[in-house]
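Scroll down for the structure; my scribbles are underneath it.
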Amino acid sequence: MDHSSASKHGVRFSHEDADHLCAQIRDLSRAHHALRKCWARLVYDLLAVASKLRPAVLLDYVGSMTRESLEQIMYCINDKRRHWCVMFHVDAWFIVDPGELCRKLKAENDRALVVCTKGNGCNLVEEKHSEDFLKLRKQVLWFVQSSFVGGNYFADFPAPESNLSMVTLTGLLLDYPIIYNIGKIELPSARAAHLNCSFDLVNIELDSNIVQLHCQLLCFSVPKVMVSRESKVNNLIEGLVSRLKSSADEHQDLWGDIRTNVTQAPGHSVAL
């Protein structure tokens, strides 16, 4: 198997590395209640970052984890080859690979369609070059480059300079192909407008060979009106799946088959 692509961005994460990480996290779960029910999912997400499937993951399933628990997790993850970090914002915790995230933020923004809600209906329009969005991307890049240095594993992301909402920040960090460009002030009206919309929910699933999980790697919503009128949306999704499959194929000892399922959903079931 050709691992040239993996070697471009650091030492390849081996099956032995994965087994060692799994054992460490499982040991931690015995001492930390918050991890007991979700340690396997945490290992799954960490392996996704390790194999370049994701630049960051959101720990929204862990519950009330202490700073001490997070520190122990980071000590398990990091060694001389890796320097992953925890990024805090409001009540959200992201584990990020700073190098991979910076690489994506510096790249041409042709892997995501940035959309915003106009008016009271479901009128979603492209705003790829929105000044607010570009400002947020620049702020995140500067933050990651300047905060996680000198052995520092933890940093609090300040309020976005552009006053964009957590919805937009999450989409940017998690590398979604559809990112909702919504400000904090506009968020309530956007939520109301989305009640009148229909969406496609795209679920990308990938089996783990390490923790034996049939799990959701990534899930995002696509406004139905954009699917019907924008072939670009389909191209973005196909490009994302192709890149994920390529990364998974480079780590065949860690991952099984990748599947994409699309389901229809009313607006009230899509969280903003």
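Couple of notes before you dig in:
- Cβ pairs under 7 Å, 6+ apart, first in the stretch 87-104 and touching a residue at least 12 places away in the same chain (Cβ under 8 Å), second of a type in the set (Lys, Arg) and surrounded by 15 or more Cβ atoms within 10 Å (Cβ to Cβ): GLU100/LYS52
- Filtered by the rule that a residue be modelled with pLDDT under 70 and either of a type in the set (Phe, Trp, Tyr) or surrounded by 14 or more Cβ atoms within 10 Å (Cβ to Cβ) (or both), the stretch 98-115 gives ASN109, ARG111.
Quick grid of which residues meet (1) modelled with pLDDT of 90 or more; (2) not in a strand (DSSP E or B):
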position: LEU42; (1), (2): yes, yes
position: ASP45; (1), (2): yes, yes
position: ARG54; (1), (2): yes, yes
position: SER64; (1), (2): no, yes
position: GLU68; (1), (2): no, yes
position: MET87; (1), (2): yes, no
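- Cβ separations smaller than 7 Å between residues 6+ apart or across chains give the following pairs from the stretch 18-31 residues that are farther than 15 Å from ARG82 by Cβ to residues that are open to solvent by less than 90 Å² (accessible area, probe 1.4 Å) and assigned to a helix (DSSP H, G or I): CYS22/VAL43; ARG26/TRP39; LEU28/LEU35; LEU28/GLN72; LEU28/ILE73; LEU28/CYS76; SER29/LEU35; SER29/TRP39.
- Selection count, the stretch 141-162, where residues are over 12 Å from PRO98 (Cα atoms) and open to solvent by 70 Å² or more (accessible area, probe 1.4 Å): 3
- Taking the stretch 58-105 as the range and being in contact with a helix residue (DSSP H, G or I) (Cβ under 6 Å, 6 or more places away or on another chain) and β-branched (Val, Ile, Thr) as the test, the residues that pass are VAL62, VAL86.
- Single residue of the stretch 193-245 satisfying the filter (surrounded by fewer than 14 Cβ atoms within 10 Å (Cβ to Cβ) and among the hydroxyl-bearing types (Ser, Thr, Tyr)) that is nearest to the chain's Cα centre (by Cα): SER242
- Residue in the stretch 150-185 that is modelled with the highest pLDDT, counting only those that are outside any loop (DSSP other than H, G, I, E, B), in contact with a helix residue (DSSP H, G or I) (Cβ under 8 Å, 6 or more places away or on another chain) and among the small types (Gly, Ala, Ser): ALA155
- Considering residues of the stretch 182-192 that are touching a residue at least 60 places away in the same chain (Cβ under 8 Å) and open to solvent by less than 20 Å² (accessible area, probe 1.4 Å) only, the residue farthest from the chain's Cα centre (by Cα): ALA190
The values are calculated or read from the model by the stated rules, or taken from the named source; none is laboratory data. Note that this is a predicted model, so its numbers are computed, not measured. Here Cβ is always computed from backbone atoms with ideal geometry, including for glycine, and neighbour counts include all displayed protein chains. Surface accessibility is based on the protein's heavy atoms, side chains included, excluding ligands, DNA and RNA. Shrake-Rupley method; radii C 1.70, N 1.55, O 1.52, S 1.80 Å.
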